[in-house]
There are 2 protein chains.
Amino acid sequence: MKNYIIADEWNIIESGFDAHLNKISESLFSIGNGRMGQRANFEESYSGETLQGNYVAGVYYPDKTRVGWWKNGYPEYFAKVLNAINWIGLHIVIEGETLDLAKTKVSDFKRVLDMKAGVLIRTFTAELNSGKKVKVQATRLYSIADDEISALHYHLTALNFDGTIEIAAFIDGDVKNQDANYDEKFWDEVTQKQEKSTDYLVLRTKKTEFEVCTASNTTIFVNGNLQNLKSGARDKYLEKTATFSVKQDSTVEIYKIVATISSQNYEKTELLDAAKTSVNKAIAKGFKTLLAEQAEAWATKWQDSDIVIDGDVAAQQAIRFNIFQLNQTYTGKDARLNIGPKGFTGEKYGGSTYWDTEAYCIPFYLSTSPEDVAKNLLIYRYKQLDKAIENAQKLGFNKGAALYPMVTMNGEECHNEWEITFEEIHRNGAIAFAIFNYIRYTGNQAYLAEYGLEVLIGIARFWKQRVNWSADKNQYVMLGVTGPNEYENNINNNWYTNKLASWCLTYAIEATEIVKVTAPDQYARIQAKISLDEATEFAEWTDIAENMYYPYDEKAAVFLQQDGYMDKEQILVKDLPASERPLNQKWSWDRILRSCFIKQADVLQGMYFFEDEFDQETLQRNFTFYENRTVHESSLSPCVHSILAAKLNDEEKAYEFYLRTARLDLDDYNNDTEDGLHITSMAGTWMSIVEGFAGMRVRNGQLKFNPFLPKNWTSFSFTVGFRGVALKVSIAAGQITIINHSGETVTIGIFNELHQITPGEQVITYQELV
Amino acid sequence: MKNYIIADEWNIIESGFDAHLNKISESLFSIGNGRMGQRANFEESYSGETLQGNYVAGVYYPDKTRVGWWKNGYPEYFAKVLNAINWIGLHIVIEGETLDLAKTKVSDFKRVLDMKAGVLIRTFTAELNSGKKVKVQATRLYSIADDEISALHYHLTALNFDGTIEIAAFIDGDVKNQDANYDEKFWDEVTQKQEKSTDYLVLRTKKTEFEVCTASNTTIFVNGNLQNLKSGARDKYLEKTATFSVKQDSTVEIYKIVATISSQNYEKTELLDAAKTSVNKAIAKGFKTLLAEQAEAWATKWQDSDIVIDGDVAAQQAIRFNIFQLNQTYTGKDARLNIGPKGFTGEKYGGSTYWDTEAYCIPFYLSTSPEDVAKNLLIYRYKQLDKAIENAQKLGFNKGAALYPMVTMNGEECHNEWEITFEEIHRNGAIAFAIFNYIRYTGNQAYLAEYGLEVLIGIARFWKQRVNWSADKNQYVMLGVTGPNEYENNINNNWYTNKLASWCLTYAIEATEIVKVTAPDQYARIQAKISLDEATEFAEWTDIAENMYYPYDEKAAVFLQQDGYMDKEQILVKDLPASERPLNQKWSWDRILRSCFIKQADVLQGMYFFEDEFDQETLQRNFTFYENRTVHESSLSPCVHSILAAKLNDEEKAYEFYLRTARLDLDDYNNDTEDGLHITSMAGTWMSIVEGFAGMRVRNGQLKFNPFLPKNWTSFSFTVGFRGVALKVSIAAGQITIINHSGETVTIGIFNELHQITPGEQVITYQELV
């Protein structure tokens, strides 16, 4: 736990330079634009501790896996997002001495992430060993308005000397991943080209042969006078250099405007030309215009997705930080991209896709972005359906059964732990549930015919083969699974997985019926494509759904996480000594597995998904039982508990769970922010507020709210888009204000009463519970 | 499955050279002497496929482990036996052309492993590209009589040419392990020394700093004339060379007599001198005397351990091969050594110790070797008790609880799969059972006071902490284990493990009572050393033993392998298509884990250990149930089924199971003989005959036999040593002949009738069942 970020409503601020915090700040101050992104590495040379990271979404390398003991069915590669070309590089030499914050005296250091404008600004004064002082302001952005463009402005003032300054503004592709399994470099050079002020470098990834072209335009001004630049080059590296004299108070300004494009979006033969066009367009605008466009683009994003909290600056900063990161990680323009758990902020988890997307991120994008954004996340899985079928085949399934991978870049499984890769199959259910959730929210049933149904049937076919009939129980069972609670492995009859599987089977049948009625042509197409034998398959699926076994404990009257859970020694988390936590650091894996402690919501994840099936008493009993045993050692856990606590009117607990993730990265709770940010869990924080505190749901095509106001807040408000209507919802003590920005009246439920919300503002009072 | 080894009663014979079989033959023709050993690599240069392997027992390297996903509690190193100095090397150049069987025309190739004499002989004629032909006979041995000595004689005849031959007889320590995790070399040179005909090389292992000195004496004769030798050297390599002219029919004879000693047995400062003394003693004897001593030493071994089978040459060859390998792998002289699953025949399994030793090898050595041999295997574990306690501590156990490692060299765990390392804990029980078995066989209860009790108490303390009280079942349960059937992982209440644990707790108490009465001083010493709190601890252990939960299936009336086993789809092995076997090659790990198929005896392993507790009907029901589900994909499985089938008078099945392992390596059943031989399973083959066909048991201090004669054998006989009495037992149809080689009368049970066997020969007839 750290506490060095200065609270501010719109900015993330670090004041003073502490090299020990640098890798944490590099994560926190990361910027990106959905297409690419970067850790907050310094522009100038830095010989201290750093994790260099520039990432281009969707450009990956299949790194040959490293494994202790091979199991049949393991994938051979772990596809990793690559540390890509470093475009920000400036080598600055002042009278023979390199500017390097690890080797100079640094004062007035400040890093500001201006979330409103989408800009990272760093200022400092550095005193070199020679006693020469310079003052620097470095500003940079990844353009949200034009996602091929990034740019920086580096403004240096010679404070107390006359002398010579040499500057090399470079782009460097001779980089590697720290997580490379065999210490290899992943990039080869294809070609390079240098013009007067613009350098072009085309690099190709090994094996996958993605090509990325970086076009970097450099201009350097000394006291406003444009400098002549020389070109320099070596393998995978190009530079523009200038050497000049300065006097005290001289200013040096360096601009780099960079286009980054890849063979994902252009023919390889056209990369150079396209990069030239792209960078020239940005050069023509100039840095100031890029800044303005950026602020404007972010203003739109904030309009759609901001949450305002009155009365708690730290909470305000935290939720905006979470929303900012989500928006700069995924913009939904490209259905080939997804949301890595660390986004563009680190190498961990390989930048790959997890079930986090479906279970935690979809709701955020559904409510705060145009409908296509969430839809593209669904289509991502649709595009990977064939690979999911192949993946299932590798494990011995057939007849079009689809098992989506636990971790993936291109649809192929990347992960190699049998208990996860082969057994944490509930991910398949989350993917089906996301389709249901999307349609429930948007009302867009046409999605089923277009994309959804094929996925649902592939998943249903998997569950059909994955369960087996237990002659002993006279029911269907599901053996050898790992639930969301990864502190149990290879268990039998995980309640959550059985529940989800059964639901999937039923929903696939329902979805088929809808498509048959609403889009008979599409149904015929799908039927022909996947050889659906409705009579037989639906009968089998129905039989399974109707005869699924669900473990239940009669004494505690709770759904049982798995068979045999009650054989464990039943200790409560409150009785765990603080010195033994977190368990995943303090206990052996053996001890963790045998204990009753739960890593993250498991039964409760199921009760969250299917909440309408359970009355409050049942929910309360299960919540109490499982909450008492849950250690929340996944950042994805507290949000679900927060939402359920809110539903149970336990406002204090709901707020407490919210707090656990809201500032997870800003305060470096788990001492791991230096690896990158917990991007996907940030969506959970948003959910805690919107689904938890505001109690927002969509039922029967209508938005509903069951709000409460956390004790130490004056009010909070947020914007949601719902079926073409943009609403601003403000919650204060006993009062909910809704501004309907659209031209039409919308019916909204508040505490089970329906209200007709006409265009404009309406205030509804409600009875506070506490 | 291969079939190229020529059947012979005393020899393993390969006729004709097939480079594709070379690595298999390198394994099959391995020789060793308990202290060191070697694959049957060629003396002369060979550029074809080969796995070079020379091993010195107990000299290992802690190779930094390679693992996909780290779990708390994993060990950092896998200790591996090292490929050590190659002492057999001969570089032979004939008129400028190197003799290399991969590059010449080979005829009359024959490899013979003379098991009676303990000698490997290879003969061949090679025609070089130049057309020059040479005939070679290479003979070598690892002396059983003096386990520091190995020697070879290489006899070459120039068949059809006059010309120059250059010979370099070298020792080469610049070798590596194929299984090195990071492709490192493990040896450094300490020193080298060259005398007129003897070279000395001292090498040191990295990290572990074992030093091994090899003293190699070379003599070369041409047509009986001793040649002058030149010395040559480079790092980790020494050679003696000679160049001379030969005429057609000239003979060249090369002798190498080599001493290998290590810092395990000598001070490092004395290694050179000691090696000199050792090699000189052997040189003084000369190669012929070494051969004679070897034959004599092997004659003694065969006298004690031979099994003679009449009427089945292939079976005779097989059982002798198994006995030969066991005897050259472990001689029991050094309690720091143990039996790697591959002995000195390959790198696989790192040459480390597994529970194979206690469960399968102890019975063989108990019956066929002096009592100290098996005892030293037990003392090996006693010496590692402190490490076993440390190992348990790493996992969170305390108060002197001992968990012996799954795989070890020096007592530290080497293996890194959580489901094995942390969970396959039944190994602890096998170690306790071996103590019981040793005492039952030898009657040597003093072992308890000396060594056994401390181990038993450490193990009991582990089980005490490893079970937990299930409030749900109102019994003790053991969660999260892997039984001998490794096709199930992380299961609850493995019947075998629960049974063994419970037995350990009871036996530890019994053993304490025995020591208290028979060796009160020793008891006081132990009590003080390990702070045994008898009152409390014994009460706890008794409580657990009395209230242990054992899964049982009422319908099938069988002990249940684990909780929930009957939830699996119950398919029988006979209904598995041949194309799907072996499962471990054809099925994904996911499918294997979820199936009901059993890798190796599990419940049945327990019924074998504790057979007296079960009546024949119970045994028959469980045997039928589990045999029908067992795929025997471990070489350790069939012997247990063979013994139980024999006990159930199912002679056909007993023989069938015996056949599955008897020629496992000779016929390369599993296509893996090239990696090395299945040494530990060879002891199981011996058990199938002696405990299975002959039905030998020790009960109440007496030997008992319940014999039958396999249908296609005329008779079989074997020798057992029992409490100072050497017996030869011959079984023919309806007749058992016992020769009592000792001077005293011994009482022996045959089919529940006791017979007084006086010195000399006695014939007892019995009723054949079939």
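The values are calculated or read from the model by the stated rules, or taken from the named source; none is laboratory data. Since the structure is predicted, the reported quantities are computational estimates derived from the model, not experimental observations. Neighbour counts are summed over all protein chains in view; Cβ atoms, including those assigned to glycine, are modelled from backbone coordinates with ideal geometry. Only protein heavy atoms, including side chains, enter the accessible area calculation; ligands, DNA and RNA are left aside. Shrake-Rupley method; radii C 1.70, N 1.55, O 1.52, S 1.80 Å.
Criterion first (part of a loop (DSSP other than H, G, I, E, B), of a type in the set (Phe, Trp, Tyr) and modelled with pLDDT of 95 or more) does residue B:344 satisfy it? It would help to see each step written out before you state the result.
Numbers: part of a loop (DSSP other than H, G, I, E, B): yes; of a type in the set (Phe, Trp, Tyr): yes; modelled with pLDDT of 95 or more: yes.
Yes; evaluated as a whole, the condition is true for this residue.
Under the condition of being free of Cβ contacts under 8 Å to residues at least 40 places away in the same chain and under 23 Å from residue B:121 (Cβ atoms), the residues counted in the range B:33-69 number 2. Checked against (1) under 30 Å from residue B:318 (Cβ atoms); (2) touching a Phe, Trp or Tyr at 6+ places or on another chain (Cβ under 9 Å), residue B:121 passes all but condition (2).
Restricting the search to the range A:476-506, which residues are more than 13 Å from chain B (Cβ to nearest Cβ) and crowded, with 23+ Cβ neighbours inside 10 Å?
Step one: of the range A:476-506, the residues more than 13 Å from chain B (Cβ to nearest Cβ) are A:483-485, A:495-497, A:499-506.
Scanning the range A:476-506 gives A:483, A:484, A:485, A:495, A:496, A:497, A:500, A:501, A:502, A:504, A:505.
Could you please let me know if residue A:683 is modelled with pLDDT of 95 or more and within 30 Å of residue A:746 (Cβ to Cβ)? Considered against the rule, which asks whether it is modelled with pLDDT of 95 or more and within 30 Å of residue A:746 (Cβ to Cβ), residue A:683 comes out as yes. Restricting attention to the range B:70-93, the residues that are within 14 Å of chain A (Cβ to nearest Cβ), in contact (Cβ under 8 Å) with a residue 24 or more places away in the chain and more than 30 Å from residue B:333 (Cα to Cα) add up to 3.
Rundown of residues vs (1) under 30 Å from residue A:221 (Cβ atoms); (2) open to solvent by less than 10 Å² (accessible area, probe 1.4 Å); (3) in contact with an Asp or Glu (Cβ under 7 Å, 6 or more places away or on another chain), yes/no style:
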| site | (1), (2), (3) |
| --- | --- |
| A:267 | no, no, no |
| A:307 | no, yes, no |
| A:313 | no, no, yes |
| A:335 | no, no, no |
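Select, from A:117, A:151, the only residue that is touching a Lys or Arg at 6+ places or on another chain (Cβ under 7 Å) and either surrounded by fewer than 20 Cβ atoms within 10 Å (Cβ to Cβ) or in contact (Cβ under 8 Å) with a residue 40 or more places away in the chain (or both). On inspection, the qualifying residue turns out to be A:151.
Selection of the range A:139-172 for residues being of a type in the set (Gly, Ala, Ser) and more than 26 Å from residue A:325 (Cα to Cα) yields A:158, A:163, A:168, A:169.
Against the test of being modelled with pLDDT of 95 or more, of a type outside the set (Ser, Thr, Tyr) and not in a strand (DSSP E or B), the options A:101, A:141, A:113 yield a single qualifying residue, A:101.
Every condition in (1) open to solvent by 40 Å² or more (accessible area, probe 1.4 Å); (2) of a type outside the set (Phe, Trp, Tyr); (3) more than 14 Å from chain A (Cβ to nearest Cβ) holds for residue B:473 except the one numbered (3). Of the residues that make up the range A:533-542, is at least one open to solvent by less than 60 Å² (accessible area, probe 1.4 Å) and of a type in the set (Asp, Glu)? So far as the range A:533-542 goes, yes, one or more of its residues are open to solvent by less than 60 Å² (accessible area, probe 1.4 Å) and of a type in the set (Asp, Glu). Applying the condition of being hydroxyl-bearing (Ser, Thr, Tyr) and more than 23 Å from residue A:607 (Cβ to Cβ) to the range A:647-677 and asking which residue is most open to solvent (accessible area, probe 1.4 Å) yields A:669.
Among residues of the range B:234-253 that are of a type in the set (A, V, I, L, M), those with a beta-carbon under 6 Å from a residue that is assigned to a loop (DSSP other than H, G, I, E, B) at least six positions away or on a different chain give the pairs B:242/B:227; B:242/B:229.
Check B:292, B:284 and return the single one that is without any contact (Cβ under 8 Å) to a residue 40 or more places away in the chain, open to solvent by 20 Å² or more (accessible area, probe 1.4 Å) and under 26 Å from residue B:721 (Cα atoms). Just a single option satisfies the conditions, and that option is B:292. Taken over the range B:580-628, the criterion of being within 13 Å of another protein chain (Cβ to nearest Cβ) and part of a helix (DSSP H, G or I) is satisfied by B:580, B:583, B:584, B:585, B:586, B:589, B:590, B:591, B:592, B:593, B:594. Within the range A:410-444, the residues that satisfy the criterion of being at pLDDT 95 or above, away from chain B (no Cβ under 12 Å), closer than 20 Å to residue A:386 by Cβ and not in a helix (DSSP H, G or I) are A:411, A:412.
Right, residue A:546: away from chain B (no Cβ under 14 Å), within 30 Å of residue A:471 (Cα to Cα) and open to solvent by 60 Å² or more (accessible area, probe 1.4 Å) or not?
Numbers: away from chain B (no Cβ under 14 Å): yes; within 30 Å of residue A:471 (Cα to Cα): yes; open to solvent by 60 Å² or more (accessible area, probe 1.4 Å): yes.
When the stated conditions are applied, residue A:546 passes them.
With respect to the conditions (1) in a strand (DSSP E or B); (2) on the phi > 0 side of the Ramachandran plot, residue A:209 lacks only one, and its number is (1).
Each row is one residue, and each column tells you yes or no for (1) over 30 Å from residue A:689 (Cβ atoms); (2) in a helix (DSSP H, G or I); (3) at pLDDT 95 or above; (4) away from every other protein chain (no Cβ under 14 Å).
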| residue | (1), (2), (3), (4) |
| --- | --- |
| A:358 | no, yes, yes, yes |
| A:374 | no, yes, yes, yes |
| A:379 | no, yes, yes, yes |
| A:387 | yes, yes, yes, yes |
| A:390 | yes, yes, yes, no |
| A:396 | yes, no, yes, no |
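Suppose we keep only residues that are over 20 Å from residue A:59 (Cβ atoms) and not hydrophobic (A, V, I, L, M, F, W, C) within the range A:400-414. Which one would you say is surrounded by the most Cβ atoms within 10 Å (Cβ to Cβ)?
A:404
Only one of the listed residues (A:730, A:742) is in contact with a Ser or Thr (Cβ under 6 Å, 6 or more places away or on another chain) and not aliphatic (A, V, I, L, M). That residue is A:730.
Considering only residues in the range A:549-572 that are within 13 Å of chain B (Cβ to nearest Cβ) and of a type in the set (S, T, N, Q), the one that is surrounded by the fewest Cβ atoms within 10 Å (Cβ to Cβ) turns out to be A:570.
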